[in-house]
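Here's the structure we're looking at; comments come further down.
The values are calculated or read from the model by the stated rules, or taken from the named source; none is laboratory data. As the structure is a computational prediction, the values presented were derived from the model and not from experiment. Ideal geometry is used to build each Cβ from the backbone, glycine not excepted, and the neighbour counts take in all protein chains shown. With ligands, DNA and RNA removed, areas are computed over all heavy atoms of the protein, side chains included. Shrake-Rupley method; radii C 1.70, N 1.55, O 1.52, S 1.80 Å.
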Amino acid sequence: MSFDAPVENPHRRLPSVDVLLQQMPDALACWGRQQVTVALREELAEIRAQISRDEAPEIDVESIQGKVSARLTRNNSATLKPVINLSGTVLHTNLGRASLPREALDAVVAVAATPSNLEFELETGVRGDRESHIEALVCELTGAEAATAVNNNAAAVLLVLNTLALNREVPVSRGELVEIGGSFRIPEVMQRAGCTLVEVGATNRTHLKDFAKAINSDTALLMKVHASNYQLTGFTSTVPEAELAQLAHEHQMPFVIDLGSGNLVDFTRLGLPPEPTAAEAIALGADLITFSGDKLLGGPQAGLIAGRRDLIAQIKTNPLKRALRLDKMTLAALAEVLKLYRDPDSLVQRLPTLRQLTRSRDDIAAQAERLLPAVKKSLAPAFSVVLAECSSQIGSGALPVETLPSTALKITPCSGADADARQLAQALRLLPLPVIGRLHKTSLWLDLRCLEQEREFIEQLGGLRI
Ligand SMILES: *Cc1c(COP(=O)(O)O)cnc(C)c1O
């Protein structure tokens, strides 16, 4: 028989939920009884599991309370949050594409916080059209007679085809049967829209006569898809828009262009690579164009459809339109972004997307020089940091082969190990304001083109866990 002191069962010493609750008035005030109780139970369950595994967790009231508070903070922190995009891709789909200008943000807050005249005419007191807030602006900026807007450009393409080509044929060049990241593929969208794709021409070359041969009594419209995220080079030939428009019109059918990005200003005027504008497409004879709101246009996620009044009227009465329509916050933001285009001279400064795309190489290089000492200091001695010339991509499938000269902080682990570069990339992603860079070989590249929060970027480097 042993006379050792009896070993106290540690489970017994665990404070009860009630005792802990009583001693956490701050947490109760902040998170409410229900959440705190759940978090306490979860924490206690974890401690019991640790005890059963013969680990020795701290079980005093204070340390349990600390863990519960941390758990509550973690549970309630936003999963969707701002990041600093130093990836080198300006319009990064995974990072939310275009950033909105101040004017658009203010408009969103204003209409979201209170009732608004979304579908209500203040002068007459009768029901209004939610698109009245943007239609005239789109027409003014594109030269179209009428316009409508939906959730994104994929929805715009779907709606146009479903309205104008249901159970009918649509010839498209084999060189334009594109896939736009994720799951948007022209052939599959056409099928879901209820129309039959008729492939014409060859992958590299399509001629007007290919389209002419494909037209029959079942043909609903002719369509051109702007080759947004790839480029055909070499022995290639595409049919110019004006010729396709003429052919469609000879057969009394509409000519539709999916522009993809569809920008509203002459890019060459801004020193950017040329990209057809929406107004040019209308002028070349397109009866309808579709384009994104959050690519080169620099607005909120939306799909715009502009063109002939009778066709837009038909589209607006398609029951699918209701399922794809824009909400008030997006409409408010879109209207303000479109208004900025009325003053092309101030546009580049006011619209973040164009501001970032047109930032000069010198300006970026000067910022890089400014940041280098602080970044070097916070990463020494494990990493070396140098300035390196790099090429920013425009992104979102816009202008796929054109790049913009930029400067990056090129960070290389002194160990030369890949894993250390990857670990640094993760540590930067886990900062309060996550920093997203690009790994290339054994270095992490931070392209500074889109760095507008310079102070926040520097201030949080002290908290980097490497
Ligand atoms: C990006 C793109 C789409 C899809 O637009 P979303 O706004 O992303 O839905 C469709 N067609 C083309 C040619 C595109 O470039």
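Just a few scattered comments:
- The residues of the stretch 313-340 include none that are acidic (Asp, Glu) and farther than 28 Å from residue 353 by Cβ.
- Among the residues making up the stretch 394-445, a single one is at pLDDT below 95, of a type in the set (S, T, N, Q) and out of contact with any helix residue (DSSP H, G or I) (no Cβ under 6 Å at 6 or more places or on another chain): 403.
Residues are listed down the side, and each one gets a yes or a no for (1) closer than 22 Å to residue 140 by Cβ; (2) outside the structural domain of residue 118 (by TED's automatic domain parsing); (3) touching a Leu at 6+ places or on another chain (Cβ under 9 Å):
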position: 317; (1), (2), (3): no, no, no
position: 330; (1), (2), (3): yes, no, no
position: 333; (1), (2), (3): yes, no, yes
position: 336; (1), (2), (3): yes, no, yes
position: 340; (1), (2), (3): yes, no, yes
position: 345; (1), (2), (3): yes, no, no
position: 363; (1), (2), (3): no, yes, no
position: 371; (1), (2), (3): no, yes, yes
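- Cβ separations smaller than 7 Å between residues 6+ apart or across chains give no pair from the stretch 391-416 residues that are not assigned by TED's automatic domain parsing to the domain that holds residue 457 and among the β-branched types (Val, Ile, Thr) to residues that are assigned to a loop (DSSP other than H, G, I, E, B) and away from the ligand (no atom under 16 Å from the Cβ).
- Residue match in the stretch 306-329 (condition: in a loop (DSSP other than H, G, I, E, B), surrounded by 15 or more Cβ atoms within 10 Å (Cβ to Cβ) and charged (D, E, K, R)): yes
Listed here are the residues, each with its yes/no results for (1) farther than 20 Å from residue 387 by Cα; (2) open to solvent by less than 70 Å² (accessible area, probe 1.4 Å).
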site: 416; (1), (2): no, yes
site: 422; (1), (2): no, no
site: 437; (1), (2): no, yes
site: 442; (1), (2): no, yes
site: 457; (1), (2): no, yes
site: 462; (1), (2): yes, no
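- Test for residue 300: is it open to solvent by 10 Å² or more (accessible area, probe 1.4 Å) and within 11 Å of the ligand (Cβ to nearest atom): yes
- Failed criterion for residue 254 (all others in (1) more than 15 Å from the ligand (Cβ to nearest atom); (2) without any contact (Cβ under 8 Å) to a residue 60 or more places away in the chain hold): (2)
- Helices (runs of 4 or more DSSP H) wholly inside the stretch 125-241 that include at least 2 residues being under 30 Å from the mean Cα position of the chain (by Cα) and buried (at least 19 other Cβ atoms within 10 Å of the Cβ): 135-142, 153-164, 186-193
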